[in-house]
């Protein structure tokens, strides 16, 4: 805890000041949490034990502390349902992105403090640490009411009973109804037929193509009817090598190999239509064709930039400078391309393999099983206000899960939902997800084969069973 010094004020006593500070500290605590003994509180804030005793009495009389003779003071059950205490949102964010907009939080709290945010910084390699923090929170005295979730995390939390279903609350709500969401977006947040979270954003994937390069080399623009062979043929035609060095001057097609959401569509499309998209596709070899297709684009046909390239220069930058003819991208790429004075590009749906399938990452909010569920749901309703959704949309460059008037999303992103599959559908097991990503790193650095990846996944299944 940060040390807070009390000040001599005419309008409030030292005991009242200290009571307010202690209240701020226990707002995030779970019922039963023991506050520091009077002696330690007196030393911490440089006040007398009499002042501490008086402050504790003020809080106890409001019902937020239970005083037990000889044992100390403990946070009471009332702390969970007190309307004056803001809901604590645990937010998962990368270092360079403030996922919960300062503007949005300020807007929600303009009349009364309803929401406080605690950020967990890191990328998806830290997801296990994020989940461990949630699982261990109750044992440390911390309390989270709302949790930032995606379609992979939410199933794990629901299975562990760390979050609660929200079906009944959406039925009664005037702000959030289940029918507001596209069925595939909603399905991403369902577990065993119940809705465990409220989806705020999603993004489908499309292919961006440089019309100037297509025109220059006399190649027809791709259309919605194209398939994997068409993509490969087009990418080969648009890959231009230096006659002197043999190095690529233009790459025909680019994708971010280690981005889950750009890999999964090709895995799904490599699976026959009659095969269910469940964890069995990871262990029965059905993913090999999709993985080999991506691998061959880099190493066999050499139409895609190597893995390390995107850490040096982004695909968007290569695309705008004429070094890349096509690349997979999200709605954020559309926003970036649209915002700059760069024209002569188009969008098309992903090519079809053995089936049409597009992974759809979904982000939103879940309610902790240790929180006041109704109060926390009301905080989500505040987040869902159009002005707050707009603030988040501007910041994140993602697609709102419900239509808001000021945003006209290109139909291609919405139409793609018809063939959407939740990105982490086959990864309800977090350890399996981590192992799969590690194996992909070996594969796309030309250290292993797709067959090696499948064998490792099979061994993981066997070990767990």
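The values are calculated or read from the model by the stated rules, or taken from the named source; none is laboratory data. Because the structure is predicted, anything quoted here is derived from the model rather than measured. Using ideal geometry, Cβ is built from the backbone for each residue, glycine included, and neighbour counts are taken over all protein chains shown.
Can you spot a residue in the range 318-328 that is part of a helix (DSSP H, G or I), buried (at least 19 other Cβ atoms within 10 Å of the Cβ) and out of contact with any helix residue (DSSP H, G or I) (no Cβ under 7 Å at 6 or more places or on another chain)? Break it down stepwise before answering.
Quick first cut of the range 318-328, residues part of a helix (DSSP H, G or I) only: 318-320.
Checking which are buried (at least 19 other Cβ atoms within 10 Å of the Cβ) leaves us with 318-319.
Then keep just the ones that are out of contact with any helix residue (DSSP H, G or I) (no Cβ under 7 Å at 6 or more places or on another chain); that gives 318-319.
Yes, the conditions are met somewhere in the range 318-328.
Mind listing just one residue for me: the one in the range 257-268 that is in contact with a strand residue (DSSP E or B) (Cβ under 7 Å, 6 or more places away or on another chain) and surrounded by 19 or more Cβ atoms within 10 Å (Cβ to Cβ) and, of those, nearest to residue 323 (Cα to Cα)?
To start, the set of residues in the range 257-268 that are in contact with a strand residue (DSSP E or B) (Cβ under 7 Å, 6 or more places away or on another chain) comprises 261-262, 264-265, 268.
Right, trim to surrounded by 19 or more Cβ atoms within 10 Å (Cβ to Cβ) and you get 262, 264-265, 268.
On the way: 262: 20, 264: 25, 265: 24, 268: 29 Å.
For the range 257-268, the residue satisfying everything is 262.
Could you list, in sequence order, all residues of the range 139-171 that are farther than 22 Å from residue 201 by Cα and free of Cβ contacts under 8 Å to residues at least 60 places away in the same chain?
139, 140, 160
Tell me which of these residue 413 doesn't satisfy, since it passes every other one: (1) modelled with pLDDT of 90 or more; (2) surrounded by fewer than 20 Cβ atoms within 10 Å (Cβ to Cβ); (3) more than 30 Å from residue 160 (Cα to Cα); (4) not assigned by TED's automatic domain parsing to the domain that holds residue 264.
(2)
In this structure, is residue 69 within 22 Å of the chain's Cα centre (by Cα) and either at pLDDT below 85 or outside the structural domain of residue 23 (by TED's automatic domain parsing) (or both)? Before the answer, list the steps.
On the way: within 22 Å of the chain's Cα centre (by Cα): no; either at pLDDT below 85 or outside the structural domain of residue 23 (by TED's automatic domain parsing) (or both): yes.
So residue 69 does not fit the description; no.
This table checks each residue for (1) in contact (Cβ under 8 Å) with a residue 60 or more places away in the chain; (2) within 27 Å of residue 220 (Cβ to Cβ); (3) surrounded by 17 or more Cβ atoms within 10 Å (Cβ to Cβ).
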| position | (1), (2), (3) |
| --- | --- |
| 344 | yes, yes, no |
| 353 | yes, yes, yes |
| 372 | yes, no, yes |
| 408 | no, no, no |
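Step by step: first the residues of the range 230-256, then only those that are part of a loop (DSSP other than H, G, I, E, B) and surrounded by fewer than 22 Cβ atoms within 10 Å (Cβ to Cβ), then the one that is modelled with the highest pLDDT. Which residue is that? Quick ask: steps written out before the conclusion?
First, pick out the residues of the range 230-256 that are part of a loop (DSSP other than H, G, I, E, B): 238-239, 242-247, 252-253, 255-256.
Now restrict to residues that are surrounded by fewer than 22 Cβ atoms within 10 Å (Cβ to Cβ): 239, 242-247, 256.
Values: 239: 97, 242: 93, 243: 91, 244: 90, 245: 91, 246: 88, 247: 90, 256: 71.
Per the criteria, the residue is 239.
Within the range 44-52, is even one residue in a loop (DSSP other than H, G, I, E, B), modelled with pLDDT under 85 and touching a helix residue (DSSP H, G or I) at 6+ places or on another chain (Cβ under 7 Å)? Let's see the steps before the verdict.
First, pick out the residues of the range 44-52 that are in a loop (DSSP other than H, G, I, E, B): 46-48.
Then keep just the ones that are modelled with pLDDT under 85; that gives none.
No - not one qualifying residue is present in the range 44-52.
Out of the range 72-81, which residues are part of a helix (DSSP H, G or I) and either at pLDDT 80 or above or crowded, with 21+ Cβ neighbours inside 10 Å (or both)?
Applying the first criterion (part of a helix (DSSP H, G or I)) to the range 72-81 yields 78-81.
79 - this is the single residue of the range 72-81 that is part of a helix (DSSP H, G or I) and either at pLDDT 80 or above or crowded, with 21+ Cβ neighbours inside 10 Å (or both).
Restrict the check to the range 201-212 and report whether at least one residue is surrounded by fewer than 19 Cβ atoms within 10 Å (Cβ to Cβ), assigned to a helix (DSSP H, G or I) and without any contact (Cβ under 8 Å) to a residue 12 or more places away in the chain.
Restricting attention to the range 201-212, the residues satisfying the condition of being surrounded by fewer than 19 Cβ atoms within 10 Å (Cβ to Cβ) are 211-212.
Going one step further and asking which of them are assigned to a helix (DSSP H, G or I), we end up with 211-212.
Filter once more, keeping what is without any contact (Cβ under 8 Å) to a residue 12 or more places away in the chain: none.
Checked against the condition, which is being surrounded by fewer than 19 Cβ atoms within 10 Å (Cβ to Cβ), assigned to a helix (DSSP H, G or I) and without any contact (Cβ under 8 Å) to a residue 12 or more places away in the chain, the range 201-212 yields no hits at all.
Looking for whichever is modelled with pLDDT of 90 or more and either more than 18 Å from residue 205 (Cα to Cα) or touching a helix residue (DSSP H, G or I) at 6+ places or on another chain (Cβ under 7 Å) (or both) here; the options are 284, 388, 292, 309. Which one fits?
On the way: 284 fails: modelled with pLDDT of 90 or more; 388 fails: modelled with pLDDT of 90 or more; 309 fails: modelled with pLDDT of 90 or more.
Going through 284, 388, 292, 309 in turn, just one is modelled with pLDDT of 90 or more and either more than 18 Å from residue 205 (Cα to Cα) or touching a helix residue (DSSP H, G or I) at 6+ places or on another chain (Cβ under 7 Å) (or both): 292.
Among the residues of the range 312-337, what is the count of those that are at pLDDT 90 or above and either within 22 Å of residue 223 (Cα to Cα) or in contact with a strand residue (DSSP E or B) (Cβ under 8 Å, 6 or more places away or on another chain) (or both)?
Counting residues in the range 312-337 that are at pLDDT 90 or above and either within 22 Å of residue 223 (Cα to Cα) or in contact with a strand residue (DSSP E or B) (Cβ under 8 Å, 6 or more places away or on another chain) (or both) gives 18.
Please work out which one of (1) assigned by TED's automatic domain parsing to the domain that holds residue 396; (2) over 19 Å from the mean Cα position of the chain (by Cα); (3) crowded, with 16+ Cβ neighbours inside 10 Å is the condition residue 192 fails and give its number.
Unmet condition: (3).
Kindly list the number of the only condition in (1) within 19 Å of residue 444 (Cβ to Cβ); (2) touching a residue at least 12 places away in the same chain (Cβ under 8 Å); (3) under 27 Å from the mean Cα position of the chain (by Cα) that fails for residue 278.
(1)
Can you pull out every residue in the range 383-401 that is surrounded by fewer than 18 Cβ atoms within 10 Å (Cβ to Cβ) and over 17 Å from the mean Cα position of the chain (by Cα)?
Passing the criteria: 385, 386, 387.
Run residue 187 past the list (1) crowded, with 18+ Cβ neighbours inside 10 Å; (2) touching a helix residue (DSSP H, G or I) at 6+ places or on another chain (Cβ under 8 Å) and report the number of the one that doesn't hold.
All conditions are met except number (2).
Quick one: which residue in 426, 421 is in a strand (DSSP E or B), surrounded by 15 or more Cβ atoms within 10 Å (Cβ to Cβ) and touching a residue at least 40 places away in the same chain (Cβ under 8 Å)?
On the way: 426 fails: in a strand (DSSP E or B).
The conditions single out 421.
Keeping to the range 355-370, report how many residues are more than 27 Å from residue 267 (Cα to Cα) and surrounded by fewer than 18 Cβ atoms within 10 Å (Cβ to Cβ).
Looking only at the range 355-370, we keep the residues that are more than 27 Å from residue 267 (Cα to Cα), and these are 365-370.
Filter again for surrounded by fewer than 18 Cβ atoms within 10 Å (Cβ to Cβ), leaving 369.
Going through the range 355-370 one residue at a time, the tally reaches 1.
So that you can scan it fast, the table gives a plain yes or no per residue for (1) touching a helix residue (DSSP H, G or I) at 6+ places or on another chain (Cβ under 7 Å); (2) closer than 13 Å to residue 370 by Cα; (3) surrounded by fewer than 18 Cβ atoms within 10 Å (Cβ to Cβ):
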position: 156; (1), (2), (3): yes, no, no
position: 161; (1), (2), (3): no, yes, yes
position: 166; (1), (2), (3): yes, no, no
position: 170; (1), (2), (3): yes, no, no
position: 174; (1), (2), (3): no, no, yes
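Considering every residue within the range 375-398, establish whether at least one is touching a strand residue (DSSP E or B) at 6+ places or on another chain (Cβ under 8 Å), in contact (Cβ under 8 Å) with a residue 40 or more places away in the chain and in a loop (DSSP other than H, G, I, E, B).
Checked against the condition, which is being touching a strand residue (DSSP E or B) at 6+ places or on another chain (Cβ under 8 Å), in contact (Cβ under 8 Å) with a residue 40 or more places away in the chain and in a loop (DSSP other than H, G, I, E, B), the range 375-398 yields at least one hit.
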